[in-house]
Each structure stands twice: as C-alpha cells, then as structure tokens.
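The values are calculated or read from the model by the stated rules, or taken from the named source; none is laboratory data. This one's a predicted model, so the numbers in the text were calculated from it and none came from an experiment. When we count neighbours, we look across all protein chains shown, and the Cβ atoms used for this are built from the backbone with ideal geometry, even at glycine.
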Amino acid sequence: MSTPSEDHQSLHAARLKYRRCLLEYFNGDQQICSDEAYDAVISELAGLQSRRPEWRVWESAATRVVAPAMEAAPTRRHESPMLSLANAYSLDELREWERGLLRLVPGENLAYVAELKVDGLAVAIHYEGGVLASAVTRGDGTAGEVVTPNAKTIRGLPHVLPQTIDLEVRGEVYYSLEAFGRLNAARERMGEPPFKTPRNAAAGTLRMMDASVVGARGLSVVIYAVAAGSPKPTHWETLAWLRSLNLPVGEHSERLESLAEVERFQARWESGRKTLPFQIDGVVVKVDNLELQERMGSTAKSPRWAVALKFAAQRVASRLLEVKPGVGRTGILTPVAILEAVELGGTTVSRATLHNYDQIERLGLMTGDRVFVEKGGEIIPKIVDVDRDARSGGERAIEPPQGCPSCGNPPVRLEGEVDLRCINPECPAQREDRIRHFVSRPAMDIETIGPALIGQLIDKGLVRSVADLYRLGTSQLESLERMGSKSAANVLGAIDASRAQPLHRLLHALGIRHVGERTARILARHFASLAALRRASPEEMEDIKEIGSVIAQSVHAFFQDPGQVAIIDSLRNLGIDPISVEAQSAKSQPAKSQFAKSQSMEAQPVEAQDGQPQPPQGNLQGKLQGKTVVITGTLSEPRSRWKARIEEAGGILTGSVSKKTDYLLAGAAAGSKLAAAQRLNIPIVEEAEMRRLLEGQFMEGQIMPGQILEGQ
C-alpha cells in the first residue's frame, strides 16, 4: 500500500509526462507521443486520482501546456457569406434540383463534382502571404467566432503554403472515429460523460479556450472550396490546385458527367460509408463550371448550384403521449407531439413536429399510438408513420383546437393555406413573441430587455406593440418588480441606442414573413430607405437577383397591411426611420471640390486579359461615391461582379429606375428599366463605358442621356 507522499510524487511525475506529450504535439505540429503512451499516462493519472479524489486536477493549469489561450472567443464578419446547403432527401428531389438549374442556364451541359459530406463544423481559414493568419467558424453565416489558435493545432492543416499568396478556403473540422473513440474513452476513465456524436464533440472542442487541450484531442479538417476568386475555371481543377498547396482535400471526390453517375456515387457510399474512418451523412453535389455557378447565383440561404443529398434518415419507435398546440408571432397554431423519450441520432428526443393538423389526419394519428420518428437532417425530429397493428383500442382521436391556446379566439384557415391561424392582433403570445424577436440580438439588439421584463411590460399594459418600447419612461419602469432607477436607466439607454440601428436590422426586427437576416440585408442594400422599400412593387423586388416571387409578394403584402403600416408610422414618428449601412456611409463622406473629384478618379493601371479591357483592380473608393446605379439586361460578366465593383466604388445599387437614379448599366435585352431611363433622361451606359467611368476616364456630362449601343 503506497503512502500519500509516494502517491503525490507519482502524480507529479504523471503530470509531467502528460505535459510532455502535449508539448511534443503542440510545438512540433505532429504527434510524437504515441496514442498508446498518451493513453497510458491518462490511465496512470486516473488511477492515482481515484485513490486521492482531492488531487483530481489532471486538466488544471498545472498539467496544461502553456499556450496562447482565448479569454473569450471574439467574432469576425465573413468577407463573403458562409451559406448553408439546401438538402435533397431522395433521388426525385435531386432530379428536380437539376431541372431547376437547367431553367436558369438553358441549353448548358452540366457536369458535377460529388464529395462526401463530412459531418463536422464549417470553418473559414485565411492565409496571408502564404501564412495561416486566421480561422473563423461559420457562426450565423455572416459572422463567426475566431478560433485561430485552435485551428493551428489541427493535424494536416499547413501553417505555411508553398506559394506566397492571400487565400481564404472553406472546410469542415471533424473527428475521425478513432480520435472520437479515444476522446470518449479518456472521458469515461475520468468519470466524465462521453460525447454523443463526433460532430458535437468537434464543435465543442474547436470553441475551447485552451489551444493545448484542443491540440491533444486530435481534430482533423477537410478543405472543400475557395471562398472566392479561384484561379481555375472549374471546381474540380480548384480542388486539384488546393491539393498542390498541401491543403487536406477530400480524397474520395469525383468529377461526374451526368446525374446518373451522381446517383451511382451516392448509392456506393450509402452502402460503403461504414468503411470510412469518419462519419458522413450524405454526399454534396456541385456544378463543376465556376462561371455557371456565378450565373446560377444563390438564394438568401443557399447556393443554387450545390445540394446535399442526404442518406436515408434514422428511424426509431416511440409512444405518442399527447399533442399540444403552440402559437408563435405569426399566429400559426403548430401541433407539437409529446413523446416517450427515445435516443435518436445521438440525442434524447421527447418532442416532434407535426407541422399542421392536416398532417395528423394524413397519418391517421391518435394519442397513445406507437409511432416512428425520423431526424432526416432536421434539428426537430418528425413523426413519419404509425404502427396501427400495435393499437390496443385505448387510443384517442386528436381534434384540432377550438381556440387559440393563448387568447382563446377561434382559429381560422386562410384561403390557400393549410395552417390554422390565430388572427387576433391582441393575442398575448403573439405580441410577446413579436417583441422578443424585435429586441433580439440579430434584430434591434436591445439586450437589457429580456423575456421576464417583456412579460411584465405586457401584463401592466405598458407595451402593446414594438413602438411602445420607445414611449417608455423612467417612472413607468421603476414601478415594475425588481426595477430600480439604475436598471431603468440602463433599459432606457439601450432602447435609445437602438434608434441608430441601420435599416436591415429594423427590417429583420419587424418580423416580415420569409425575411431573415440575409434577405433583410439584401433589401436594405438595394432600396436604401424604408420609404423606398414601401413604394416598391413586387416586380421591382423580383428584379433583385437573390429575391424570388414568394419573398417579394410577402414583403409587399406586409407594407399593405393597415396594422403593420400603423406600427411603422408610429416608429417613424418616434424617430426610428433608418437608412442602409451603404447610404449612411455615403452620407457621411465629406463633399469634394470638382478638382478633388477629378483627382480621386484618376485611372488605375490595368492589364488586359484575353484581349478584353478589364475594370480597375486597385482602390475604387469614391469613383461612384453616393451615385445611385441600376443594372438591367444580360451582361458579359456575372451581375454579382458588377455589383461588387460598383459598391466598392461607393455606388448605391437599387432595383428600380427613378428620378434619383444616376446611371443605368444596361446589357443586351434590356426591357422596362431601359424605357424608364430613356423617359427620365437617365444616363445609360454599357459595360465598356462603365469600365471607363470606374477608371476615371470621363466625368459627369460626358455620358449623354439615353446613350446605349445600337440594337439593344
């Protein structure tokens, strides 16, 4: 039997071994200490600490590598959004996806690149001058957490590239099954609960504050794309180029000439995925030609030219205990299934979505039924089938609710909709949800107003709509429970600060159906002010590349609704009438003399490519400062490139021609916008003229109103 003194000496020695293993890995960028040796050290520590629980400090600062540790994860905006992939759950959906692509690019022969969909965490990795400079998680797609110290510990990710280049790549951080098994085995030996899935473990590990611990856990990464500006014409050649830079590109990807080949690729890996050393949940299919990708563009959430073809969903059986209706800020009554708890896809499931009461009828669902639940790529599981043979006779029919669960008003079904909806504008649940959404961080970001305070404000009759927040005074707040003068001042200060939020935040905060953060930004960038957006027709909104008919009709209907108009007018009367970030920037620019303008518009040296003149590649700041530009017709380059150039030059892009339009950039087959510009004597330029304008080769007055190429 060892003495406490001997145990203490052994523990100290084991700590030193553990520290040495981490140092060898972290500093040498490779694992010199073998997995077996590492496990032996952990076992030794666990044994000692089980005898002496008071010494259970193996992950304390005393045993960790001294490495740069993040005190808190800062955030960083992505230079281009990290969009999520649309999903296809069947071959029929995959074929429908291709038919949609061919409607966008008729007559084109489409080739594809198929890649394994590694189940991990998306990350953007930046190299500056060929040196790894930063890594940022996907986050909300617009901004993510900076995890650079942790990314530098990932095996196989080079710190220095063989070329001195600036490059942003996108990849997936994941655990191999072997590393995941080692991690969970170590946690169980130490009495810690194991992680449910490799993906959850990877996400948690990459966000840890101590890079040395991250390094010891053995994360991996696969690089699947260049963020923008690939030097190659196809995605397949881009992957080969990335591989030549020693970046870890997936080795199982294939270039395929038809959708039939894609289907065979998917079938092969659905049956063969168990042979892989990591988890996959489907295959990713991408159009190979990058120029076609540009032409196809993106929706507000996903690139049109890529889709994730998911494998068959996992299915488990459970028992339906009851169905409860819920109501959200739009008034839709959603039935929620309460289930006996079961394990599904690494998580415990006790609730499932039923979407609407028509689905209950289609399934023939009854309370007490044995049901089958799937989690086919969705966060919330869904009931997909009922085991009627298991019925005992005690099951009960499920009836739609006769009243809203919040206000009791009879729900209605609007024409053309399947959902039951509470249309009571005074419904407490809807009002509370609308206010919660309005003050949330992605919206107006009034962080001092939480759910408890919202509840009190509504109960006391102080707030009936979001506009009432800006009417609150000190005495009203101080009359509330647990609200002193200092707290009241903080609340009012945060409310007042929100008045300065730009237009896209207010659009998101208003809760317009189908308008999330990204769509709000797109609308704000194109219309610049609330008044301009209110005047816009659905057709004008549809002219914006990323806006479809459903969104356009929804936005237009919102601004025609008398109740919503009253709230917006109230906000404007209270001083909340923001403009876009771009318009704010243009407004804040100091006025320049004509001489200063001409100096700022000096041409930048440009090299010709393929015999075609190129727009300036240097700093375009100020060339179109404050000028409103509309684009119409078919251009020789993707419209997104022209948009980027015009915005970089300080121009404001809008979707419709008006008296305030400064230039119309017109391509072939220009239609109603061209006619409107000619009628209003707006200067009309084609691509070559816009290039010269960006290069500063002529000034205002040199472009004649109505000027355009013949035949257009």
Discussion item. Based on this model, can you work out whether Ser554 counts as in contact with an Asp or Glu (Cβ under 9 Å, 6 or more places away or on another chain), part of a helix (DSSP H, G or I) and among the small types (Gly, Ala, Ser)?
Written reply: no
Fill in: Check on Lys301, among the basic types (Lys, Arg) and surrounded by fewer than 20 Cβ atoms within 10 Å (Cβ to Cβ)
yes
Discussion item. Among the listed residues Ala390, Ala443, Ala452, Ala467, identify the single one that is outside the structural domain of Ala143 (by TED's automatic domain parsing) and at pLDDT below 90.
Written reply: Ala452
Worksheet item: Is there any pair with a first residue in the stretch 158-177 that is in the same structural domain as Gly250 (by TED's automatic domain parsing) and a second that is surrounded by fewer than 17 Cβ atoms within 10 Å (Cβ to Cβ) whose Cβ atoms are under 6 Å apart and which are 6 or more apart or on different chains, and what are they?
Response: Pro158/Asn246; Val160/Val131; Thr164/Gly129; Asp166/Glu128; Ser176/Pro277; Leu177/Pro277
Worksheet item: Out of the residues in the stretch 433-461 that are part of a helix (DSSP H, G or I) and either among the aliphatic types (A, V, I, L, M) or touching a Pro at 6+ places or on another chain (Cβ under 8 Å) (or both), which is surrounded by the fewest Cβ atoms within 10 Å (Cβ to Cβ)?
Response: Ala452
Practice prompt. Could you look through the stretch 539-551, keep only residues that are part of a helix (DSSP H, G or I) and in contact with a Ser or Thr (Cβ under 7 Å, 6 or more places away or on another chain), and pick out the one that is surrounded by the most Cβ atoms within 10 Å (Cβ to Cβ)?
Written response: Ile551
Discussion item. Restricting to the stretch 121-157, name every residue that is of a type in the set (Ser, Thr, Tyr) and modelled with pLDDT of 90 or more.
Written reply: Tyr127, Ser134, Thr137, Thr148, Thr153
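Quick grid of which residues meet (1) under 15 Å from Arg499 (Cα atoms); (2) touching a helix residue (DSSP H, G or I) at 6+ places or on another chain (Cβ under 7 Å):
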| position | (1), (2) |
| --- | --- |
| Ser440 | yes, no |
| Met444 | yes, yes |
| Glu447 | yes, yes |
| Ala452 | no, no |
| Ser465 | no, yes |
| Leu469 | yes, yes |
Worksheet item: How many residues are in contact with a Lys or Arg (Cβ under 9 Å, 6 or more places away or on another chain) and within 19 Å of Ser465 (Cα to Cα) if we restrict to the stretch 531-569?
Response: 4
Worksheet entry | Subset tally (residues that are more than 28 Å from Thr275 (Cβ to Cβ) and assigned to a loop (DSSP other than H, G, I, E, B)) for the stretch 177-224 | 7
Practice prompt. Can you tell me which residue among Glu251, Glu263 is under 30 Å from Leu102 (Cβ atoms) and acidic (Asp, Glu)?
Written response: Glu263
Discussion item. For the stretch 466-483, check the following and say yes or no: at least one residue is in a loop (DSSP other than H, G, I, E, B), closer than 28 Å to Pro562 by Cα and not hydrophobic (A, V, I, L, M, F, W, C).
Written reply: yes
Discussion item. Could you go through the stretch 102-123 and let me know if any residue there is assigned by TED's automatic domain parsing to the domain that holds Met209, polar (S, T, N, Q) and within 23 Å of Gly218 (Cβ to Cβ).
Written reply: no
Response to the item:
Gly511 passes all but one of the listed conditions (1) assigned to a helix (DSSP H, G or I); (2) at pLDDT 90 or above; the exception is number (1)
Worksheet entry | Subset of the stretch 109-129 (residues that are touching a strand residue (DSSP E or B) at 6+ places or on another chain (Cβ under 8 Å) and more than 26 Å from Thr205 (Cα to Cα)) | Leu110, Ala111, Tyr112, Val113, Ala114
Discussion item. I'd like the full set of residues that are closer than 17 Å to Arg199 by Cα, surrounded by 14 or more Cβ atoms within 10 Å (Cβ to Cβ) and not basic (Lys, Arg), limited to the stretch 254-283.
Written reply: Leu276, Phe278, Gln279, Ile280, Asp281, Gly282, Val283
Fill in: Criterion: among the hydrophobic types (A, V, I, L, M, F, W, C) and over 30 Å from Gly297 (Cβ atoms) - qualifying residue of Val221, Val169, Val173, Val214
Val214
Worksheet item: In this structure, does Gly484 turn out to be farther than 24 Å from Ile631 by Cβ, surrounded by fewer than 17 Cβ atoms within 10 Å (Cβ to Cβ) and either of a type in the set (Val, Ile, Thr) or in contact with a Phe, Trp or Tyr (Cβ under 8 Å, 6 or more places away or on another chain) (or both)?
Response: no
Worksheet item: Within the stretch 217-236, how many residues are surrounded by fewer than 17 Cβ atoms within 10 Å (Cβ to Cβ), out of contact with any helix residue (DSSP H, G or I) (no Cβ under 9 Å at 6 or more places or on another chain) and within 14 Å of Asp288 (Cα to Cα)?
Response: 0
Response to the item:
In the stretch 484-508, anything within 33 Å of the chain's Cα centre (by Cα) and outside any helix (DSSP H, G or I) is listed as Gln501, Pro502
Worksheet, complete the sentence: Going through (1) among the hydrophobic types (A, V, I, L, M, F, W, C); (2) touching a His at 6+ places or on another chain (Cβ under 6 Å); (3) under 25 Å from Thr275 (Cα atoms) one by one, Val173 fails only at (2)
Worksheet entry | the stretch 645-673, residues that are touching a strand residue (DSSP E or B) at 6+ places or on another chain (Cβ under 7 Å), part of a helix (DSSP H, G or I) and surrounded by fewer than 22 Cβ atoms within 10 Å (Cβ to Cβ) | Glu647
Discussion item. Anything in the stretch 98-145 that is part of a loop (DSSP other than H, G, I, E, B) and either within 22 Å of the chain's Cα centre (by Cα) or buried (at least 21 other Cβ atoms within 10 Å of the Cβ) (or both)? List them, or say none.
Written reply: Asp119, Gly120, Arg138, Gly139, Asp140, Gly141, Thr142
Fill in: Search result, residues across the stretch 289-330 that are over 23 Å from the mean Cα position of the chain (by Cα), modelled with pLDDT of 90 or more and within 25 Å of Gly516 (Cα to Cα)
Pro325
Discussion item. Given (1) among the hydrophobic types (A, V, I, L, M, F, W, C); (2) crowded, with 22+ Cβ neighbours inside 10 Å; (3) in contact with a Phe, Trp or Tyr (Cβ under 8 Å, 6 or more places away or on another chain), identify the lone condition not met by Val214.
Written reply: (3)
